[in-house]
1. Sort through A:108, A:87 and tell me the only one that's surrounded by 18 or more Cβ atoms within 10 Å (Cβ to Cβ), outside any strand (DSSP E or B) and either within 14 Å of chain B (Cβ to nearest Cβ) or at pLDDT below 80 (or both).
2. Residues that are assigned to a helix (DSSP H, G or I), in contact with a strand residue (DSSP E or B) (Cβ under 7 Å, 6 or more places away or on another chain), at pLDDT 75 or above and surrounded by 14 or more Cβ atoms within 10 Å (Cβ to Cβ): does the range B:129-149 have at least one?
3. Under 20 Å from residue B:26 (Cβ atoms), under 22 Å from the mean Cα position of the chain (by Cα) and surrounded by fewer than 20 Cβ atoms within 10 Å (Cβ to Cβ): is that true of residue B:122 in this structure?
4. Mind checking whether some residue in the range A:215-226 is under 19 Å from the mean Cα position of the chain (by Cα), more than 14 Å from chain B (Cβ to nearest Cβ), surrounded by 21 or more Cβ atoms within 10 Å (Cβ to Cβ) and touching a residue at least 40 places away in the same chain (Cβ under 8 Å)?
5. So for the range A:42-63 (the condition being within 14 Å of chain B (Cβ to nearest Cβ), at pLDDT 80 or above, outside any loop (DSSP other than H, G, I, E, B) and touching a helix residue (DSSP H, G or I) at 6+ places or on another chain (Cβ under 8 Å)), does at least one residue qualify?
6. Any idea which of (1) touching a strand residue (DSSP E or B) at 6+ places or on another chain (Cβ under 9 Å); (2) surrounded by fewer than 24 Cβ atoms within 10 Å (Cβ to Cβ) is the one residue B:186 doesn't satisfy?
7. Count, please, the residues in the range B:170-214 that happen to be within 22 Å of residue B:98 (Cα to Cα) and within 12 Å of chain A (Cβ to nearest Cβ).
């Protein structure tokens, strides 16, 4: 029973990571950008949801729609206002990643100044056990988390494999210069990818909001987690992001059981270190990093 | 300020000369400070404690650089951020050694020659050390090793093709920079007589990186200019009527804005050292 609880807790945490990591991985693969500002989008989504759903008291679906719109606008804005001017200047990868970190810090502290450093959370009673004699962690929250991660993964996988947009995205990821020469609207594709990634952060933000809350200082941790998951799963591999997320989640929850809760990040970042040393292309990646 | 100058000079070996962006400086700075705090409290002479800290940081820094042998810049940057966070986690959670969030207080003053140094005499020692570090960096840059590092920055493949040990040079650069930061960290611990995890978190690493990049990565004088600007800037904010919590947030916000702005407008810094005709040269990896 205890083992089942640990595994399930890890699975749920992993699914939340996967939801953040899938968008991160998509952008990394498609545009080659290490999108640290993904954490900023996550914060914006979480606070938008809180403002609309709790402070303004809108119905859940309406608030979620609002949060998605806000996140998509934020994601697209980062691409338009920051990344594109940098790319036009032929900035190096390091310059862009540093700027991306800068964006995250700016958004983080704007949020702190506007709303205070405590973070926001809401208790909607999702954390009640479903079965009286089942594992305590088996609740509506876990079911929703797992379902949304699986749905997002399958949806994105389908989009990439079966639609024209997906085909265009794969072409752009393979060789964006050639894709542009062949007449693909590469800029529009990049913005759509940013919007998609931002939209997929929203369920994660809402779930965190209903659980431990959305806290400004955690955004960077979450993005790093997403980076670990994306590297583990392999660049641009959607299924890899889900598998990687679950693996990291279970590893963390095992670590928390053995040691103290404060140590949970240790295992993840040790994993990153070993991974980069041994297999930088990830579990499902094919090209060398 | 002179303590930060030592850190900035040592980071400049890595970021400026070799073109490797590291955001783990705060961790090594903290490592030196914590080693000093723990050993001095246990009664060790401060010079011994300081050198132990430097050695530990240098070795650890070299170990961290090992993935650099396989992966390129961006991944390495992620590793350094990860190291920084691990350091904070360990400092917060390993309570029996580090004191957790409360930190370690009442660290004895710096006494390298048996005489405790305080106030002006401590400041003098720090200034002398900045000058020593400056000369050391100048010497390092003009040595064959410095040339290899600059070659690494401008054209890694070409450098390797010339038969230089690219990996070894990177690992050495990491070790030097980590050791230098720990050296300064030790002075910091003596100066404030108090260490806690929050004095050495990611924002410190970002501040150090900004100092180096703003002043001009790869130049000998750039980091000193960067220190001057970025340590005086927060003082200006003290005159603004802001509540304490907001003032700290505003300062962080300013660092974020500066990161983006410097990267966009002048990635080579105020005192440029990039190759002619290639403005992004200072940060190439």
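1. Of the residues listed, the single one that is surrounded by 18 or more Cβ atoms within 10 Å (Cβ to Cβ), outside any strand (DSSP E or B) and either within 14 Å of chain B (Cβ to nearest Cβ) or at pLDDT below 80 (or both) is A:108.
2. No, because not a single residue in the range B:129-149 is assigned to a helix (DSSP H, G or I), in contact with a strand residue (DSSP E or B) (Cβ under 7 Å, 6 or more places away or on another chain), at pLDDT 75 or above and surrounded by 14 or more Cβ atoms within 10 Å (Cβ to Cβ).
3. No: the conditions fail for residue B:122.
4. no
5. yes
6. For residue B:186, the failing item is (2).
7. 6
Each row is one residue, and each column tells you yes or no for (1) part of a helix (DSSP H, G or I); (2) at pLDDT below 75; (3) closer than 27 Å to residue A:100 by Cβ.
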site: B:182; (1), (2), (3): yes, no, no
site: B:186; (1), (2), (3): yes, no, no
site: B:212; (1), (2), (3): yes, no, yes
site: B:218; (1), (2), (3): no, yes, yes
site: B:228; (1), (2), (3): yes, yes, no
site: B:239; (1), (2), (3): no, yes, no
site: B:268; (1), (2), (3): no, yes, yes
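The values are calculated or read from the model by the stated rules, or taken from the named source; none is laboratory data. Worth saying up front: this structure is predicted, and the values here are computed from it rather than measured. Every residue, glycine as well, gets a Cβ built from its backbone with ideal geometry; the counts of neighbours run over all protein chains shown.
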